[in-house]
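Peer 1: Please see the structure below; I have some questions.
The values are calculated or read from the model by the stated rules, or taken from the named source; none is laboratory data. All of these numbers come straight from a predicted model, not from anything done at the bench. Methodologically, a virtual Cβ is constructed for each residue, glycine included, from the backbone with ideal geometry; neighbour enumeration extends over all protein chains shown.
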Amino acid sequence: MTAATVDQIGEVGVEKTRGRKLRGRVAFVTGGTRGIGAAISKSLASQGATVAAGYGRNTEQAQKFLAELSAAGGDGAKVSIHQGDVARADDCRRTVGEVIDLHGRLDILVNNAGITIDKTVTKMTDDDWNKVIAVNLSGAFFLARAALAHMLERGSGRIVIVSSVIGETGAIGQANYAASKAGLFGLTKTLAREACFQLARAEKLEEDSLGVTVNTVTPGYVSTEMIESIPEKVLNRIKGTIPAGRLARPEEIARVVHFLAADASAYITGQVWGVNGGLDM
């Protein structure tokens with residue numbers, strides 16, 4: 001378990017014009033040092049947020065990511081990295097607490113961490129099933145539960161969950177992954193309803209309140225290191241099924257996340273946002 005900080009976070013692969021939508025906010029992004037998660041971390045930082053990026057095992061890669069953000073410079077925001085296993089409830093509670101202790105608050109939780117273990121149903125083992133459900137679905141619940149307690153007490157917060165278009169369409173060889181990602185839809189809507197209910201009961205819902213919102217983003221096929229092993233012929237076949245004719249860029253997913261995380265998105269909750277090039281309509 002480690003936490004590392006630097007004084008400044010800069011622009012690395014984000015929009016060149018910095019925004020102020022999230023200035024003063026603290027965001028915790030799980031799986032936030034690589035792939036879509038890294039793009040989300042950078043996007044949130046580009047809008048002025050202090051970013052805490054979670055990671056699992058690759059400390060060397062996480063430290064490299066931290067160094068890149070530091071070297072890019074910035075406008076005084078901070079960044080930190082936090083190691084933990086999202087499949088473990090204790091780790092989820094610890095890392096959320098770690099972020100709050102380090103940065104003084106938690107305004108935004110992005111549940112992005114996820115894994116795949118692809119096999120057809122007849123070849124999928126109990127362990128294959130349980131591991132994917134534990135990380136992708138249970139982990140999102142554990143983290144949201146820990147973050148919600150803090151957000152409800154403060155009366156404001158944003159939770160954004162990263163699901164997948166596979167949760168909507170299914171896919172051969174991905175029963176565990178599809179089930180875990182589809183489960184996030186029900187979790188999102190229930191958490192959103194409960195957050196509003198709890199705030200109303202505590203008399204913290206007012207006309208101008210920021211509230212606590214919970215939403216999900218469902219990316220389609222995204223151009224990250226995860227697809228590097230896919231043969232070009234297969235990749236071209238996948239692109240042929242996408243009306244937009246191409247894969248998504250990670251920053252296109254991240255842009256929707258930072259929109260939902262903004263104060264101005266207070267009236268959007270319990271929703272599923274597809275970012276898939278028209279793959280599922």
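Peer 1: Out of curiosity, is D90 part of a helix (DSSP H, G or I) and either small (G, A, S) or at pLDDT 95 or above (or both)?
Peer 2: Details: part of a helix (DSSP H, G or I): yes; either small (G, A, S) or at pLDDT 95 or above (or both): yes.
The answer is yes for D90.
Peer 1: Just to be sure before I move on: is A39 closer than 14 Å to I253 by Cα and either among the basic types (K, R) or modelled with pLDDT of 85 or more (or both) in the structure I sent? Spell out how you get there, then give the answer.
Peer 2: Details: closer than 14 Å to I253 by Cα: yes; either among the basic types (K, R) or modelled with pLDDT of 85 or more (or both): yes.
Yes: the conditions hold for A39.
Peer 1: Can you tell me which residue in segment 132-162 is surrounded by the fewest Cβ atoms within 10 Å (Cβ to Cβ), limited to those that are over 15 Å from T190 (Cα atoms) and of a type in the set (V, I, T)?
Peer 2: I133
Peer 1: Can you name the residue in segment 99-131 that is farther than 18 Å from G183 by Cα and polar (S, T, N, Q) and, of all such residues, is surrounded by the fewest Cβ atoms within 10 Å (Cβ to Cβ)?
Peer 2: T122
Peer 1: With respect to T213, is the statement that it is outside any helix (DSSP H, G or I), in contact (Cβ under 8 Å) with a residue 24 or more places away in the chain and of a type in the set (V, I, T) true? Steps first, answer last, please.
Peer 2: Details: outside any helix (DSSP H, G or I): yes; in contact (Cβ under 8 Å) with a residue 24 or more places away in the chain: yes; of a type in the set (V, I, T): yes.
Spelling it out, T213 is indeed outside any helix (DSSP H, G or I), in contact (Cβ under 8 Å) with a residue 24 or more places away in the chain and of a type in the set (V, I, T).
Peer 1: Okay, next question. Which one of the conditions (1) under 19 Å from Q271 (Cβ atoms); (2) not in a helix (DSSP H, G or I) does E203 fail to meet, given that it meets all the rest?
Peer 2: (1)
Peer 1: Scan segment 1-28 for residues that are at pLDDT 95 or above and within 14 Å of E251 (Cβ to Cβ) and report the count. Walk me through how you get there before you give the answer.
Peer 2: As a first pass, look at segment 1-28 and keep what is at pLDDT 95 or above: 25-28.
Filter once more, keeping what is within 14 Å of E251 (Cβ to Cβ): none.
Qualifying residue count for the region: 0.
Peer 1: Within segment 247-272, restricting attention to residues that are assigned to a helix (DSSP H, G or I) and in contact with a Leu (Cβ under 7 Å, 6 or more places away or on another chain), which residue is nearest to G19 (Cα to Cα)? Walk me through it before giving the result.
Peer 2: Kept after step one, since they are assigned to a helix (DSSP H, G or I), are these residues of segment 247-272: 250-261, 263-265.
Filter once more, so that each one left must be in contact with a Leu (Cβ under 7 Å, 6 or more places away or on another chain): 258, 261, 263.
Values: H258: 11, A261: 13, D263: 13 Å.
By that ranking, first place goes to H258.
Peer 1: If we scan segment 227-237, do we find a residue that is outside any helix (DSSP H, G or I), surrounded by 17 or more Cβ atoms within 10 Å (Cβ to Cβ) and not charged (D, E, K, R)? Before you say what the answer is, go through the steps one by one.
Peer 2: The initial filter retains those residues of segment 227-237 that are outside any helix (DSSP H, G or I), namely 228-231.
From the residues that got through so far, the ones that are surrounded by 17 or more Cβ atoms within 10 Å (Cβ to Cβ) too are none.
No; the residues of segment 227-237 include none that is outside any helix (DSSP H, G or I), surrounded by 17 or more Cβ atoms within 10 Å (Cβ to Cβ) and not charged (D, E, K, R).
Peer 1: What's the total number of residues in segment 246-272 that are closer than 19 Å to A195 by Cα, in contact with a Ser or Thr (Cβ under 8 Å, 6 or more places away or on another chain), surrounded by fewer than 21 Cβ atoms within 10 Å (Cβ to Cβ) and of a type outside the set (S, T, N, Q)?
Peer 2: Result for segment 246-272: 4.
Peer 1: Shifting gears a bit: Name the residue that is surrounded by the fewest Cβ atoms within 10 Å (Cβ to Cβ), counting only residues in segment 167-193 that are touching a helix residue (DSSP H, G or I) at 6+ places or on another chain (Cβ under 8 Å) and of a type in the set (D, E, K, R).
Peer 2: My answer is E168.
Peer 1: Another question, then. What's the total number of residues in segment 118-150 that are acidic (D, E), assigned to a helix (DSSP H, G or I) and either in contact with a Leu (Cβ under 7 Å, 6 or more places away or on another chain) or in contact (Cβ under 8 Å) with a residue 40 or more places away in the chain (or both)?
Peer 2: Qualifying residue count for the region: 1.
Peer 1: Go over the candidates A261, A202, A254 one by one and state the one that is touching a residue at least 40 places away in the same chain (Cβ under 8 Å), aliphatic (A, V, I, L, M) and farther than 28 Å from T33 by Cβ. Even if it seems obvious, please write down each step before you answer.
Peer 2: Working: A261 fails: farther than 28 Å from T33 by Cβ; A254 fails: farther than 28 Å from T33 by Cβ.
Result of the check over A261, A202, A254: A202.
Peer 1: Looking only at segment 151-172, which residues are hydrophobic (A, V, I, L, M, F, W, C) and in a helix (DSSP H, G or I)? I'd like the intermediate steps shown before the answer.
Peer 2: Residues of segment 151-172 that are hydrophobic (A, V, I, L, M, F, W, C), as a first pass: 151-152, 159-162, 165-166, 171-172.
If the condition is that a residue be hydrophobic (A, V, I, L, M, F, W, C) and in a helix (DSSP H, G or I), then M151, L152, I166 are the ones that fit.
Peer 1: Still on this structure, I have one more. Give segment 67-86 a look and list any residue that's surrounded by fewer than 22 Cβ atoms within 10 Å (Cβ to Cβ) and either more than 18 Å from the chain's Cα centre (by Cα) or at pLDDT below 90 (or both), or say none. Talk me through it step by step, then tell me what you get.
Peer 2: The initial filter retains those residues of segment 67-86 that are surrounded by fewer than 22 Cβ atoms within 10 Å (Cβ to Cβ), namely 67-68, 70-76, 78, 83, 85.
Across segment 67-86, the qualifying residues are A67, E68, S70, A71, A72, G73, G74, D75, G76, K78.
Peer 1: In segment 198-239, which residues are among the basic types (K, R) and either within 27 Å of the chain's Cα centre (by Cα) or within 28 Å of G157 (Cβ to Cβ) (or both)?
Peer 2: Going residue by residue through segment 198-239, those that are among the basic types (K, R) are 201, 204, 233, 237, 239.
Residues satisfying the conditions are R201, K204, K239.
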